[in-house]
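The values are calculated or read from the model by the stated rules, or taken from the named source; none is laboratory data. What you see is a predicted model; the values in this text were computed from it and never measured. Neighbour counts are summed over all protein chains in view; Cβ atoms, including those assigned to glycine, are modelled from backbone coordinates with ideal geometry.
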Amino acid sequence: MRGLESGQIQLFYRINVEEMIPENHPLRTIRAFVERILEDLNPKLDCLYGEGGKPSIPPERLLRALLLQKLYTICSERQMEEHLHYNFLYRWFVGLSPDEKPWDHSTVSKNQARLLEGEIAGEFLQAVVGLADEAGLLSNEHFTVDGTLLEAAASLKSFKRKDNPPPPEDNDPGNPTVNFRKEKRKNDTHESTTDPEARLFKKGQGKEARLCFMGHKVMDNRHGLVVEAETSQASGKAEVEASERMLTRLRRRVGRKRLTVGADKNYDRKEHVLALRRMRITPHMAVNEKSGSKLLDGRTYCKAGYAVSQRKRKRIEETFGWDKTIGGLRRLRHLGVKLADFHLKLTSAAYNLVRMLKLVPTPA
């Protein structure tokens, strides 16, 4: 028998959002992790706000919304606001009641600036790492370091000479035709008018140069969880310099025990190898036969642990792949290295939470 539409809209509804979310939905476990973290971060969040003035978006809700953007590839704050109007799952995760109006997308940037000023993304990432450590998911001995290019939110047409030459005569001033042929463009003489902190860089020979930043990570080799992350301006030395900064912070956290760090050939540089050894870190990077440090010999790469590190280090590419395909970092939407760093750390935290769903079915 064919069912018929009544055509009459009910005036009142009784909705229990908690009953609408399946018991085994992965966001339930993720929210339990997030609530533990936000409880620990509460004193630091308090320091970011004054006593008087109009109440702002609660920082806990803003952080949950930013996490949703990473987890579900929501492209913008405007799209996030639209989802919060009708998606009960998102409203439940963020903490909005069914009759509560979502905030306007235009207010997110100002409130996000407070989180940026307080370095909350880095604190959040380290809190996630702390939960993983409590659950016994980290080895705290064997790690991998690597970097990737993050395309900036600026086009090559915005990369202009710093001496402000006259613009080309064109009948389309909004999108002028620019002929770059035979023009030498360098970071010393040129700068992007859209994002001055972006740098023109290419990953290797034969690759095209793009305006970009560089993202760096340190991964624990046991379960592939990210333990350190940061963003820098792209340059030939950025990877090794960021590696030393991140491993210095890691050394302070894990104590004086001997560590191993796997990496690719780009990290086989004399100054970098010596710096790691001074930190009581055994370098397990791939040997660069042509221009390497010549400091890695049979005492290092003939041992079984070196082969394990080289096999495990390929997993760090999975974290970068998730950042770009799911986390929305294939092309950045924000300007400046600080905002890029904020979103890389938050995306790394989201990646860890997704990994922990499989490793820890329920939070401790």
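So the values come out like this:
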| read-out | value |
| --- | --- |
| Close pairs from the stretch 241-268: first closer than 16 Å to Val226 by Cβ, partner of a type in the set (Ser, Thr, Tyr) and not in a strand (DSSP E or B), Cβ under 6 Å, at least 6 apart | Gly262/Ser309 |
| Subset of the stretch 188-233 (residues that are over 19 Å from Leu353 (Cα atoms), in a loop (DSSP other than H, G, I, E, B) and polar (S, T, N, Q)) | Thr189, Thr193, Thr194, Gln205 |
| Residue that is farthest from Val129 (Cα to Cα) [pool: residues in the stretch 224-240 that are surrounded by fewer than 17 Cβ atoms within 10 Å (Cβ to Cβ) and in contact (Cβ under 8 Å) with a residue 12 or more places away in the chain] | Ser235 |
| Candidate set: the stretch 64-95, residues that are more than 14 Å from Ile30 (Cβ to Cβ) and not in a helix (DSSP H, G or I); chosen: the one farthest from the chain's Cα centre (by Cα) | Asn87 |
| Matching residues in the stretch 288-307 - criterion: being of a type in the set (Ser, Thr, Tyr) and either outside the structural domain of His272 (by TED's automatic domain parsing) or in contact (Cβ under 8 Å) with a residue 12 or more places away in the chain (or both) | Ser293, Thr300, Tyr301, Tyr306 |
| Residues of the stretch 282-324 that turn out to be under 26 Å from the mean Cα position of the chain (by Cα), modelled with pLDDT under 90 and hydrophobic (A, V, I, L, M, F, W, C), as a count | 2 |
| Thr148 at pLDDT below 90 and either of a type outside the set (A, V, I, L, M, F, W, C) or part of a strand (DSSP E or B) (or both) | no |
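Condition check ((1) within 30 Å of Leu259 (Cβ to Cβ); (2) surrounded by 18 or more Cβ atoms within 10 Å (Cβ to Cβ); (3) out of contact with any helix residue (DSSP H, G or I) (no Cβ under 6 Å at 6 or more places or on another chain)) across all residues:
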residue: Leu84; (1), (2), (3): no, yes, no
residue: Phe93; (1), (2), (3): no, yes, no
residue: Pro102; (1), (2), (3): no, yes, no
residue: Val108; (1), (2), (3): no, yes, no
residue: Gly130; (1), (2), (3): yes, no, yes
residue: Ser139; (1), (2), (3): yes, no, yes
residue: Thr144; (1), (2), (3): yes, yes, no
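Residues checked against (1) of a type in the set (Val, Ile, Thr); (2) farther than 30 Å from Arg114 by Cα; (3) more than 24 Å from the chain's Cα centre (by Cα); (4) part of a helix (DSSP H, G or I):
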| residue | (1), (2), (3), (4) |
| --- | --- |
| Arg14 | no, yes, yes, no |
| Glu18 | no, yes, yes, yes |
| Ala32 | no, no, no, yes |
| Glu39 | no, no, no, yes |
| Pro55 | no, no, yes, no |
